[in-house]
Amino acid sequence: GQQLNQSPQSMFIQEGEDVSMNCTSSSIFNTWLWYKQDPGEGPVLLIALYKAGELTSNGRLTAQFGITRKDSFLNISASIPSDVGIYFCAGHFGNEKLTFGTGTRLTIIP
Amino acid sequence: DSGVTQTPKHLITATGQRVTLRCSPRSGDLSVYWYQQSLDQGLQFLIQYYNGEERAKGNILERFSAQQFPDLHSELNLSSLELGDSALYFCASSVVPSGANVLTFGAGSRLTVL
């Protein structure tokens, strides 16, 4: 089946720093989604990407659908304490089920 | 509030017991998905239903079963519980069963098996 490699697994940054994480797939995707999970809560959709090369922003968050259709990245600018959590990428091709990445755990050092 | 309702939020039980987790999808969503998240792990897909019928199966143990009822709510039944079944169980829903669908997740049910 499809595999999603998400990196880095964890990040420790200081407030105000920019963050970058990415996902790569073993096969092409039609859709890339980025979710954030706060501690003890369910994942919440941040950004959805539907076209190769698409660059979409949501406030301080920016995500891109790679032109090869096998990767996507998420950037967070000027991080704040509430950015702490686990970020998951997810993608699918055609009618196959959504595949989730293993997550990137973001910790902000005071 | 995502619109996906999961109950109970927390559940503590003993090994060998059986529990039922309930999920009400977001209004208008016909498809329900169940995921398991063990401590510090990713989201493991268990099973999907669409309009009452099983649509896809993931890494779901034989001790686990699920169903979706005519009113579209779903239940996940976990039996002969083991310590390793302790996890967060998430339900998600979507309008369509596949394709360019976006999953909306509930807040999860935290199961602790002692």
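Since every read-out is calculated from the coordinates, none of them should be taken as a lab result. Computed from a prediction, not measured in an experiment: that's the story for all the values here. Cβ placement follows ideal geometry from the backbone for every residue including glycine, while neighbour counts extend to all protein chains displayed.
Using bins of 5 Å that start at zero, the share of Cα-Cα pairs per bin across region B:1-40 amounts to 6, 15, 25, 24, 17, 8, 5, 1, in whole %.
The modelled label-to-label distance between B:T15 and A:R105, using points 7 Å beyond Cα along the C-beta direction, is 2.6 nm. Placing R0 at 22 angstrom, the Cβ-Cβ distance between B:V102 and B:R22 gives a FRET efficiency of 0.45 after rounding to 0.05. For A:L45 and A:R60, the difference between the fully extended length at 0.36 nm per residue and the C-alpha to C-alpha distance is 3.9 nm. Under the simplified labelling scheme, the B:S79-B:L39 pair shows an inter-label distance of 2.9 nm, with each label point 7 Å from Cα along Cα→Cβ. By the equivalent-ellipsoid construction on the alpha carbon gyration tensor, the protein assembly as shown comes out with semi-axes of 29, 21, 15 Å, ordered largest to smallest. Taken over chain A, the alpha-carbon convex hull comes to 90 cubic angstrom per residue. Principal axis extents of the Cα atoms in region B:52-114, from largest to smallest and rounded to whole angstrom, are 39, 22, 21. Taking every Cα-Cα distance in chain B and sorting them into 5 Å bins from zero, the calculated P(r) comes out as 2, 13, 25, 26, 19, 10, 4, 1, 0 percent. Among A:F93, A:F12, A:F65, the largest mean-square fluctuation in a Gaussian network model of chain A, built with springs joining Cα atoms closer than 10 Å, belongs to A:F12. Other protein chain C-beta atoms within 10 Å of residue C-beta, averaged over B:35-42: 3.
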